[in-house]
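Report on the structure given below.
The values are calculated or read from the model by the stated rules, or taken from the named source; none is laboratory data. Keep in mind that this is a model prediction, so the values were computed, not measured. Because the Cβ atoms are built from the backbone with ideal geometry, glycine has one as well, and the counts that use them run over all protein chains shown. These accessible areas exclude ligands, DNA and RNA; they are computed on the full protein's heavy atoms, side chains included. Shrake-Rupley method; radii C 1.70, N 1.55, O 1.52, S 1.80 Å.
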Amino acid sequence: MPVPADPTVLHPMPGQPRVVLLKPLVTSPLIEVGEYSYYDDPDDPTAFETRNVLYHYGPEKLVIGRFCALGTGTRFIMNGANHRMDGPSTFPFPTMGGSWSEHFDLITGLPGRGDTVVGHDVWFGHGSTVMPGVRIGHGAVIAAGAVVTSDVPDYGIVGGNPARLIRTRFDAGTVDRLLAVAWWDWPAEHITEHVRTIMSGGVDDLEAAAPGGSGG
């Protein structure tokens, strides 16, 4: 019987310490990551929580789905990066200490956009940046160097600064069928049996391979 990959192993690729699975790595209660999502970095991928998730003081969460691929330098800017902009200066004086800290109320409670949510099977190119509160749909592709400031539709490809929708990977009808089949929710054993279909088959093949389908 085919054996599924182990989602609890920190380094899934033997001899490649630059690749880490994020679910067994993260410890912050403000970060949720699905199984098999990985980060690739030649320096220190295990520092993902501090080097790649920035200004994360809460309460907003970062939620990343299953089977996401994060290229080197993918960063998530969280709501803690916000500065006040309704007065003459944007400088966060209270954070500097001294009696300035008595005015901390001026920088707490700034409006936020809520959680940052990434769907399943999303590919992030090298050096991409996601701004606070963005929602990225299933199957999306974020181009290298993109700065994502607004929501990305399911199976959308975005690029640039600010990132714009370049195209969708499939037509609307096919996207609906892919979302309905939701292969990322299949049991690992079933995924293992149909890896080739998931990677290179058509939507008809995927539907046929689904649990309970004509081929599943």
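Computed over the Cα atoms of the range 154-216, what is the convex hull's projected area averaged over all directions, in nm²?
Mean shadow area of the hull around the Cα atoms is 4.9 nm².
Is the range 1-66 rounded, prolate or oblate when judged by the Cα gyration tensor, a ≥ b ≥ c being the square roots of its eigenvalues, rounded requiring a/c under 1.5 and prolate requiring a/b larger than b/c?
Values: a/c = 3.17, a/b = 1.50, b/c = 2.11.
Because a/c hits 1.5 or more and a/b fails to exceed b/c, the range 1-66 counts as oblate.
What is the gain in length, in nm to one decimal, between M13 and S150 on full extension, counting 0.36 nm per residue of separation less the C-alpha to C-alpha distance? Walk me through the numbers on the way to the answer.
Numbers: separation 137, 0.36 × 137 = 49.32 nm, distance 3.33 nm.
Gain on stretching M13 to S150: 46.0 nm.
Could you give the nm distance between label points at R164 and V3, where each point is 7 Å from its Cα heading toward the beta carbon?
Rounded to a tenth, the inter-label distance reads 5.0 nm.
Over the chain, what is the relative contact order in whole percent, taking alpha-carbon pairs under 8 Å and six or more residues apart? Working shown, then result.
Numbers: 451 pairs, mean separation 28.4, N = 216.
Taking the mean separation of contacting Cα pairs over the length of the chain, I get 13 percent.
Calculate how many DSSP beta bridges within the chain are antiparallel, expressed in % of all such bridges and rounded to the nearest 5.
Details: 7 of 30 bridges.
Restricted to the chain, the bridges split so that about 25 percent are antiparallel.
Does anything in the range 106-124 have its amide N under 14 Å from the 7 Å Cα→Cβ label point of D86, and if so which residues?
Of the residues in the range 106-124, 106-112 have backbone N under 14 Å from the label point off D86.
Calculate what fraction, in whole %, of the accessible area of the chain sits on carbon and sulfur atoms when a 1.4 Å probe is rolled over the protein chains.
On the way: 6440 of 11570 Å².
So the carbon and sulfur contribution to the accessible surface is 56 percent.
Report the Cα-based extents of the chain along its three principal axes, largest first, to the nearest Å.
Computed over the chain, the largest-to-smallest principal extents equal 69, 39, 27 Å.
Quick one: Cα centre-to-centre distance for the range 153-184 and the range 15-62, in angstrom?
Here the two parts' Cα centres lie 24 Å apart.
Would you mind calculating the gained length between L179 and W123 on full extension (0.36 nm times residue separation, minus the Cα-Cα distance), in nm to one decimal? Intermediate results must be reported in sequence, preceding the final value.
Working: separation 56, 0.36 × 56 = 20.16 nm, distance 1.65 nm.
Here the segment from L179 to W123 would lengthen by 18.5 nm.
Considering only the range 112-177, what is the antiparallel percent among its DSSP beta bridges, to the nearest 5? It would help to have the intermediate numbers written out before the result.
Numbers: 4 of 13 bridges.
Taking every DSSP beta bridge within the range 112-177, about 30 percent pair in antiparallel fashion.
Of all alpha-carbon pairs in the range 57-125, indicate the percentage at a distance above 19 angstrom.
50
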